[in-house]
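A.B. asks: My structure is below; once you've seen it, I'll send some questions.
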Number of protein chains: 2
Amino acid sequence: MAYINDNFTKIQHRYLFAEIAKRVAAYKEANPAAKIISLGIGDVTQPLASAVTQAMKKAVDDCTTTQNFHGYGPEQGYDFLRSKIIENDYAKRGISLTVDEIFISDGAKSDLGNIGDILSVNNIIGVTDPVYPVYVDTNSMAGRTIKYIPCTAENGFTGDIPSEKIDVMYLCFPNNPTGAVITRQGLKQWVDYALKNDTLILYDSAYEAFITDPAIPHSIYEIDGSKECAIEFRSFSKTAGFTGIRCGYTVIPNELKIQSESGKRVALNPVWNRRQCSKFNGASYISQRGAEAVFSAEGYSQTRATIQYYLTNAQIIRDSLSKSGLEVFGGENAPYIWVRTPEHDSWKFFDHLLHRAQVVVTPGAGFGPSGEGYIRITAFGTRENTKEAIERIERSL
Amino acid sequence: MAYINDNFTKIQHRYLFAEIAKRVAAYKEANPAAKIISLGIGDVTQPLASAVTQAMKKAVDDCTTTQNFHGYGPEQGYDFLRSKIIENDYAKRGISLTVDEIFISDGAKSDLGNIGDILSVNNIIGVTDPVYPVYVDTNSMAGRTIKYIPCTAENGFTGDIPSEKIDVMYLCFPNNPTGAVITRQGLKQWVDYALKNDTLILYDSAYEAFITDPAIPHSIYEIDGSKECAIEFRSFSKTAGFTGIRCGYTVIPNELKIQSESGKRVALNPVWNRRQCSKFNGASYISQRGAEAVFSAEGYSQTRATIQYYLTNAQIIRDSLSKSGLEVFGGENAPYIWVRTPEHDSWKFFDHLLHRAQVVVTPGAGFGPSGEGYIRITAFGTRENTKEAIERIERSL
């Protein structure tokens, strides 16, 4: 008799964005003429860089001839992309990595979820709270216990180093949803904690491209000792608008080892490689050629211009809502603005903005207990929509 | 202290194709001038259909404007593709499905591995032997026990219905690696067994496009009662040459329920949906537009012509090796030819063909105990390489 993974019968039924979609659909049905603007889900709106689309068209052309046809690629990704990543995202910041330490994937979300495959279900998982729901949901599905580390205005949204021991710790800076960043000194405290407690850090730096302040680290590998305790996850989704194209990557340094039941130290890099070879067939060749073009001179300047566009949106949101008397956080080295709600009920404020301003945001409570009392606004809208949404919000207050 | 999933320390270290690659690399190093032909790994060689590449270029163009830009798609895939699948792959064969029963993915390998996420680790897994290594490896990684059901020339390579109870049974027809097909009557026996024993069938029909005999079922859903016991996996990899493009799909009928620990029957469709929403972000928009074009009149006739090209290769391989006195199976409704080796040692025959004919095949032993004494040859080469490889093999015997 076939049995289900019973953890699925125990996890919370509704995914945050599904609940939002449901409320929006209900409002739309009641108000079919309403022009709703969404600054809720963190999807980009600007076209892809022309360097990227040209490269992808060339990749499509490759597949029209027997000579240039690309079938199965390496499960780990093509070296043409892995070497560009090493050169541009790491070597230029003084971080030394080799191609076998880079695994190309179809996006950070897949890898952040699937990484659990290689970890014991008995690990205690730590997450900063509020938290990207994927960390919690994917570990709950595997039956792991989760500890929430509150990130509030009082501790600068970076979380206090825990006194208890955590086996696997998710960190995300610039943070989704708070837009908070962490200093080198702050990140060094987490690395020191991890080295002392033999904690594995899963470092999500999907938003590093939005960092403008040179004092803020882009990679956890800027911190000494981190290669022995951290995996880093990155994505082209927000760096280059690849949310529909699907390409990301995961870095597992060769130095990184964790414990087996027998007490042996096991290197994670070959274990993840084994997982990927059995459960993944590589990211699309076209997506990988597109990602490669992000690192060309033209691709770099084009994608940076788009990031600047979104950062300007963030600035507009921050400034306007501040002037309206709301307390705002984030949005300076990140595409997310974290806004304290007038009353301590984020779904109530969500409903207020939907009904009074026809603007969709994300209620902080959906990100965890410490998200209550806040909403998340994204800077990924068009300028026009962003300005109009903010004006409507101001009028509704 | 972070702990590894200890199953990874217990599984066999080397993946079949990695071992082949190693032996080929060693031969190449010793014989740098040798012109090696690979009929080993099942990768396609023919260009994509022009209908597909045109659709993908248009999809790239969509991403150059704000109006037509496609960011995050539905995790389940776009309805434009799901509805085409229902109409062409199922409705035309009298099978009724709805869009919510189709989940688009980045390929069947991902789904065949990841489906384990929603199943208890205590399930006893059945596989037909010889077997596509992904079924065994991914379940071993999760710590599941695997039973091998021998598929030999004596039972027509379809496996005897087991007397013992199996919780989850993988079936693949047309089969990789043997090229065997199953009749409706044969498949009905498996469905009856599953319904009687509450077994979940995972039906891999990645090669159904190679079926030419109208008596052979393309889908398990052609068999009554199968919607209550089977998940079906399909891929555009071999149907349309998408090995580098990445697109496949999984069908989970709404009727399909399995047991929870509490004794409740749980529908698998919403559980897989929950898994996908948390661990996957949809297949590339470009790949999905390419897959959609496979169902256009032009795309259909172009992709069918390529399948016919490979089937002709298969015919050439079958006929030639038979004349040379080798016993051959498969290759008539499948792209794989399963050849009995002159001596009962498939790695030895592999080495013979590599060293004496400079042809790479896949040793049957790599697919499981019952694969010993056979090699797999694929029909996915170019005509020229296929002919030359077969001539060389004949000369080497």
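The values are calculated or read from the model by the stated rules, or taken from the named source; none is laboratory data. Keep in mind it's a predicted model, so treat the numbers as computed, not measured. So basically every Cβ, Gly included, is an ideal-geometry build from the backbone, and we count neighbours across all protein chains shown. Surface accessibility is based on the protein's heavy atoms, side chains included, excluding ligands, DNA and RNA. Shrake-Rupley method; radii C 1.70, N 1.55, O 1.52, S 1.80 Å.
A.B. asks: Determine whether residue A:11 is at the interface with another protein chain (Cβ under 7 Å from one of its Cβ atoms) and within 30 Å of residue B:126 (Cβ to Cβ).
C.D. replies: Numbers: at the interface with another protein chain (Cβ under 7 Å from one of its Cβ atoms): no; within 30 Å of residue B:126 (Cβ to Cβ): yes.
Spelling it out, it is not the case that residue A:11 is at the interface with another protein chain (Cβ under 7 Å from one of its Cβ atoms) and within 30 Å of residue B:126 (Cβ to Cβ).
A.B. asks: Output yes when any residue across segment B:289-312 is touching a residue at least 24 places away in the same chain (Cβ under 8 Å), open to solvent by 20 Å² or more (accessible area, probe 1.4 Å) and closer than 30 Å to residue A:236 by Cα, and no when none is.
C.D. replies: Yes; the residues of segment B:289-312 include at least one that is touching a residue at least 24 places away in the same chain (Cβ under 8 Å), open to solvent by 20 Å² or more (accessible area, probe 1.4 Å) and closer than 30 Å to residue A:236 by Cα.
A.B. asks: Output the number of the condition that residue B:370 fails; it satisfies all remaining conditions of (1) within 19 Å of the chain's Cα centre (by Cα); (2) of a type outside the set (Lys, Arg); (3) not in a helix (DSSP H, G or I).
C.D. replies: (3)
A.B. asks: State which residue is nearest to the chain's Cα centre (by Cα) when the search covers only segment B:263-288 and only residues that are small (Gly, Ala, Ser) and open to solvent by 20 Å² or more (accessible area, probe 1.4 Å). Full working, then the answer.
C.D. replies: Taking segment B:263-288 first, the residues small (Gly, Ala, Ser) are B:263, B:267, B:278, B:282-284, B:287.
Right, trim to open to solvent by 20 Å² or more (accessible area, probe 1.4 Å) and you get B:263, B:267.
Details: B:263: 33, B:267: 25 Å.
That would be B:267.
A.B. asks: Residue pairs, Cβ under 8 Å, 6 or more apart or interchain, first in segment B:223-238 and over 27 Å from residue B:311 (Cβ atoms) and outside the structural domain of residue B:89 (by TED's automatic domain parsing), second open to solvent by 10 Å² or more (accessible area, probe 1.4 Å) and among the aliphatic types (A, V, I, L, M). List them.
C.D. replies: none
A.B. asks: Looking at segment A:142-159 only, could you name the residues that are of a type outside the set (A, V, I, L, M) and either surrounded by 23 or more Cβ atoms within 10 Å (Cβ to Cβ) or at pLDDT below 95 (or both)? It would help to see each step written out before you state the result.
C.D. replies: Taking segment A:142-159 as the starting set, the residues that turn out to be of a type outside the set (A, V, I, L, M) are A:143-145, A:147-148, A:150-152, A:154-159.
Once the filter is applied, which keeps residues that are of a type outside the set (A, V, I, L, M) and either surrounded by 23 or more Cβ atoms within 10 Å (Cβ to Cβ) or at pLDDT below 95 (or both), segment A:142-159 yields A:151, A:152, A:154, A:155, A:156, A:157, A:158, A:159.
A.B. asks: Please work out if residue A:139 is free of Cβ contacts under 8 Å to residues at least 24 places away in the same chain, open to solvent by less than 10 Å² (accessible area, probe 1.4 Å) and farther than 30 Å from residue A:78 by Cβ. Spell out the reasoning first.
C.D. replies: On the way: free of Cβ contacts under 8 Å to residues at least 24 places away in the same chain: yes; open to solvent by less than 10 Å² (accessible area, probe 1.4 Å): yes; farther than 30 Å from residue A:78 by Cβ: yes.
So residue A:139 passes the test.
A.B. asks: A follow-up question, please. Taking the condition of being open to solvent by less than 30 Å² (accessible area, probe 1.4 Å) and more than 16 Å from the chain's Cα centre (by Cα), how many residues in segment A:112-136 meet it?
C.D. replies: Filtering segment A:112-136 down to residues open to solvent by less than 30 Å² (accessible area, probe 1.4 Å) leaves A:112-120, A:123, A:125-131, A:133-136.
Remaining after also requiring more than 16 Å from the chain's Cα centre (by Cα): A:116-120, A:123, A:125-126.
The qualifying residues number 8.
A.B. asks: Quick one: would you say residue A:349 is touching a helix residue (DSSP H, G or I) at 6+ places or on another chain (Cβ under 8 Å) and among the aromatic types (Phe, Trp, Tyr)? Even if it seems obvious, please write down each step before you answer.
C.D. replies: Numbers: touching a helix residue (DSSP H, G or I) at 6+ places or on another chain (Cβ under 8 Å): no; among the aromatic types (Phe, Trp, Tyr): yes.
The answer is no for residue A:349.
A.B. asks: Of the conditions (1) open to solvent by 10 Å² or more (accessible area, probe 1.4 Å); (2) free of Cβ contacts under 8 Å to residues at least 40 places away in the same chain; (3) hydrophobic (A, V, I, L, M, F, W, C), residue A:329 fails just one. Which one is it?
C.D. replies: So residue A:329 meets the others, but not (2).
A.B. asks: Consider segment B:237-262. How many of its residues are of a type in the set (Phe, Trp, Tyr) and open to solvent by 10 Å² or more (accessible area, probe 1.4 Å)? Lay out the reasoning, then the answer.
C.D. replies: First pass over segment B:237-262, keeping only residues of a type in the set (Phe, Trp, Tyr): B:242, B:249.
Restricting the remaining residues to those that are open to solvent by 10 Å² or more (accessible area, probe 1.4 Å) gives none.
Looking only at that region, the number is 0.
A.B. asks: With the requirement that a residue be within 23 Å of residue A:339 (Cβ to Cβ) and either among the β-branched types (Val, Ile, Thr) or assigned by TED's automatic domain parsing to the domain that holds residue A:365 (or both), what does segment A:184-221 give you?
C.D. replies: A:211, A:212, A:216
A.B. asks: Continuing with the same structure: If you go through segment A:227-236, how many residues are at the interface with another protein chain (Cβ under 10 Å from one of its Cβ atoms) and open to solvent by less than 10 Å² (accessible area, probe 1.4 Å)? Steps first, please.
C.D. replies: In the first step, residues of segment A:227-236 are kept if they are at the interface with another protein chain (Cβ under 10 Å from one of its Cβ atoms); the result is A:229, A:235.
Imposing the further condition that a residue be open to solvent by less than 10 Å² (accessible area, probe 1.4 Å) reduces the set to A:229.
Looking only at that region, the number is 1.
A.B. asks: Yes or no: segment B:381-397 includes at least one residue that is at pLDDT below 95, among the aliphatic types (A, V, I, L, M) and more than 17 Å from residue B:177 (Cα to Cα).
C.D. replies: Yes, the conditions are met somewhere in segment B:381-397.
A.B. asks: May I ask you to verify whether residue B:347 is part of a strand (DSSP E or B), at pLDDT 95 or above and closer than 24 Å to residue B:135 by Cα?
C.D. replies: Working: part of a strand (DSSP E or B): no; at pLDDT 95 or above: yes; closer than 24 Å to residue B:135 by Cα: yes.
It is false that residue B:347 is part of a strand (DSSP E or B), at pLDDT 95 or above and closer than 24 Å to residue B:135 by Cα.
A.B. asks: Looking at (1) of a type outside the set (Ser, Thr, Tyr); (2) touching a residue at least 24 places away in the same chain (Cβ under 8 Å); (3) not assigned by TED's automatic domain parsing to the domain that holds residue A:90, which one does residue A:319 not meet, given that it meets all the others?
C.D. replies: Condition (2) is where residue A:319 drops out.
A.B. asks: Of the numbered conditions (1) under 30 Å from residue A:144 (Cβ atoms); (2) out of contact with any Lys or Arg (no Cβ under 9 Å at 6 or more places or on another chain); (3) not assigned by TED's automatic domain parsing to the domain that holds residue B:334, residue B:90 satisfies every one except a single condition; which is it?
C.D. replies: If we test residue B:90 against (1) under 30 Å from residue A:144 (Cβ atoms); (2) out of contact with any Lys or Arg (no Cβ under 9 Å at 6 or more places or on another chain); (3) not assigned by TED's automatic domain parsing to the domain that holds residue B:334, just (1) comes out false.
A.B. asks: With A:72, A:78, A:15 as the choices, which residue is closer than 16 Å to residue A:350 by Cβ and either of a type outside the set (Phe, Trp, Tyr) or touching a helix residue (DSSP H, G or I) at 6+ places or on another chain (Cβ under 9 Å) (or both)? Quick ask: steps written out before the conclusion?
C.D. replies: Numbers: A:72 fails: closer than 16 Å to residue A:350 by Cβ; A:78 fails: closer than 16 Å to residue A:350 by Cβ.
Result of the check over A:72, A:78, A:15: A:15.
A.B. asks: Could you list all residues from segment B:196-216 that are within 14 Å of chain A (Cβ to nearest Cβ), part of a helix (DSSP H, G or I) and buried (at least 16 other Cβ atoms within 10 Å of the Cβ)?
C.D. replies: Once the filter is applied, which keeps residues that are within 14 Å of chain A (Cβ to nearest Cβ), part of a helix (DSSP H, G or I) and buried (at least 16 other Cβ atoms within 10 Å of the Cβ), segment B:196-216 yields only B:197.
A.B. asks: Moving on. Run down B:106, B:167, B:100, B:79 and say which single residue is over 20 Å from the mean Cα position of the chain (by Cα), of a type in the set (Asp, Glu), buried (at least 22 other Cβ atoms within 10 Å of the Cβ) and in the same structural domain as residue B:273 (by TED's automatic domain parsing).
C.D. replies: B:167
A.B. asks: Take residue B:286 and decide whether it is touching a Ser or Thr at 6+ places or on another chain (Cβ under 6 Å), in contact (Cβ under 8 Å) with a residue 12 or more places away in the chain and among the β-branched types (Val, Ile, Thr). Don't jump to the end; show me each part of the working.
C.D. replies: On the way: touching a Ser or Thr at 6+ places or on another chain (Cβ under 6 Å): no; in contact (Cβ under 8 Å) with a residue 12 or more places away in the chain: yes; among the β-branched types (Val, Ile, Thr): yes.
Taking the combined requirement at face value, the residue does not satisfy it.
A.B. asks: Another question, then. May I ask you to list the residues in segment A:326-351 that are closer than 15 Å to residue A:386 by Cβ and among the hydroxyl-bearing types (Ser, Thr, Tyr)?
C.D. replies: A:336
A.B. asks: Counting only residues that are facing chain B (nearest Cβ under 10 Å) and under 18 Å from residue B:246 (Cα atoms), how many does segment A:238-263 have?
C.D. replies: Summing the residues that are facing chain B (nearest Cβ under 10 Å) and under 18 Å from residue B:246 (Cα atoms) in segment A:238-263 gives 7.
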